[in-house]
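The values are calculated or read from the model by the stated rules, or taken from the named source; none is laboratory data. Note that the coordinates shown come from a computational prediction; the quantities given were computed from them, not determined experimentally. FYI the Cβ positions are ideal-geometry reconstructions off the backbone, even for glycines, and counts take in every protein chain you see. Ligands, DNA and RNA are stripped out before the accessible areas are found, and what is left, the full protein with its side chains, is counted by its heavy atoms. Shrake-Rupley method; radii C 1.70, N 1.55, O 1.52, S 1.80 Å.
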Amino acid sequence: MHRLLLRRPARRCFSSAPPRPEHAVISAFDLFSIGVGPSSSHTVGPMRAGRIFINDLKDLGLLEKVSKVKINFLSAASLPDPLSGSDPETIDTGTIPSRYEAILENKALLLNGSHRIDYDMDKDMLWRYDLVLKTHPNGMRFSCFDRNGDMLATNEYFSVGGGFVVNEKTKVDENLFYKGVDKKMVHGARLHQSHSIADSDSADPSVDESMHDHSHPPYPFDTGNTLLALTKKHNMTIAQIVHDNEVGIFTSSGEIPLTSYLQKFFGYSDEDIHHKLMRIWQVMDECIHTGVSSQETTLPGRLGVRRRAPMLYRRLMRGFYPGIATPAFTSIGAGMPSASIESPLSERTESTPGSPGAKATTGGPLLASSKPPLVVGSFNHAILPMPPRKTVIPAMDFLSCYAIAVNEVNAAGGRIVTSPTNGAAGVIPGVLKYILEFVSDDPEKSIKTFLLTASAVGMLFKRGSTISAAEGGCQAEVGVACSMASAGFAACMGASPETVLQAAEIGIEHNLGLTCDPIDGLVQVPCIERNSLGAVKAVTAAQLSMASHGVYSVTLDEAIEAMKVTAADMSVKYKETSLSGLATSVKIPLTVPAC
């Protein structure tokens, strides 16, 4: 019997030498990865773990000998076939429901998409919500057997948030996280991280940085302070620091021959990074478009949550996506007459008295009303009731719409970008979409600046605390996403690195203690609305930081430490378990999460 392990030596596990400082996280593209909803921990992570297990079986020549598999999820739900070998980035999300039905009907599973075995979900896939593991709450165990019932191989994996997968050999407290599927394609520089920050950022100006070992990032950082020091020393922005860590250019001493460096490190050129960042934004933007143009009226699950993004988008009367039809009286799918959305150029706007900067639409297809608005309250009173009125606050309205659109797609199991998780996937796309539509005059520059800056902040949280709701509640997901988006927004406004990090601090400080108590275990309520508020809060945090002129009381490092302590003190009832809070006060019987 084989005990399959991730074949990546963990330096801290096997070396008696004292640990040296290490880079916060390996790559920006580990934080922004393309997957499927509704949960990076409960769907994307198990899919990646399953692929790792399957590839290990192939490497050992055991795959064709497998006759039976047993899957145990210890608080980590998953798709019905994590061992099919599907890639969360490329799987056709439209086929997932039919694949699920086929497994139930045929009681069979295709390992790696080709090797057919008998598989009864009721007997071969078990959930153990009663177990709390020391390594991480979201654990899973895969075991496979031959025709005689003898075990061929087994292994345990832990889905630690954002689609990251670890096991006992990698030790959760270190940054040996694994997202790649084929381990042979991941260079050791991404796995070992033996590079010392002190060695890289030497205070001795006589040290020639070009003499450093080029198999490591040129600008490693593990705290906000070390990141800030790097930006000051090298006169670089945070986005530039992260970019050069991906490419491997030591700007202070000239370029290293790119081919030799990339053979040792990530393998990303300037063009690679550009295309990868544009691809990430493309998926984010397509997700927003899918959300606002959906023809479905409700989300999956017995809660029957109504989709709101299409209605919100149409009410804003500013169609950035041409060709979306809008019902004249009610939401899509109700069989009512429809008409095209007016574009911004076709609208006539005028200032609303008493509301500087506000706009009232006068030329769009307004809803006709045959009755005066209903006023609630008594007119025979000293305090007369207020008549109904509507106001448009563009930032809040658009940010809310975009964020809600993404999370409704996520809740429906659609294509999503973990940013940094699926449950918080609406904050960053919502804020970036708002920047591109209302602020930026150079979209590509804004996209790269925003995503690279936000990823730096996400790296600090991944290193210094957690991005897993199972470890830290919703502060670890929406709170971290808000902090990342705050930093990205400030960076796109041309703020200094110090101000950018202060924006990130404000973004997380006012999310500390945020619990994760989803109703019925679904990533819907309160998750979807919470992303909307996280996006609005991110912009507010960035604006506050830029108005503070460098005056602040709490640093980002201190806020991250506070979040870590808060997460440790938080009851497990508020960590994605649906055992308290809204999950129990709303009287809906709990079930296994429909992931």
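Using a 1.4 Å probe on the protein heavy atoms, what percent of the accessible area of the stretch 470-535 belongs to carbon and sulfur? If you can, show how the numbers build up before the last one.
On the way: 790 of 1430 Å².
Here it works out to 55 percent.
Counting only heavy atoms of the protein chains and using a 1.4 Å probe, His510 has close to 110 Å² of accessible surface. Taken as Cα centroids, the stretch 458-485 and the stretch 544-585 sit 9 Å apart, rounded to the nearest whole angstrom.
In a fully extended conformation the segment linking Leu384 and Ser571 would gain 62.7 nm over its present Cα-Cα distance, using 0.36 nm per residue. Legend: residues Arg308, Arg48, Arg415, sorted from most to least accessible area (1.4 Å probe; ligands, DNA and RNA excluded), read Arg308, Arg415, Arg48. Extension gain for Asp59 to Ile117 (0.36 nm times residue separation, less C-alpha to C-alpha distance): 19.0 nm. Sorting Lys58, Lys448, Lys575 by accessible area puts them as Lys58, Lys448, Lys575; the probe is 1.4 Å, largest comes first, and only protein heavy atoms count. The listed peptides 521-527, 494-500, ordered by packing as a protection proxy, come out as 521-527, 494-500 (highest mean of other Cβ atoms within 10 Å first).
Between Gln282 and Lys445, full extension at 0.36 nm per residue minus the direct alpha carbon distance yields a gain of 57.2 nm. With a threshold of 31 Å on the Cα-Cα distance, the over-threshold entries among Lys65/Lys575; Lys433/Lys462; Lys70/Lys575; Lys233/Lys564; Lys448/Lys537 are Lys65/Lys575.
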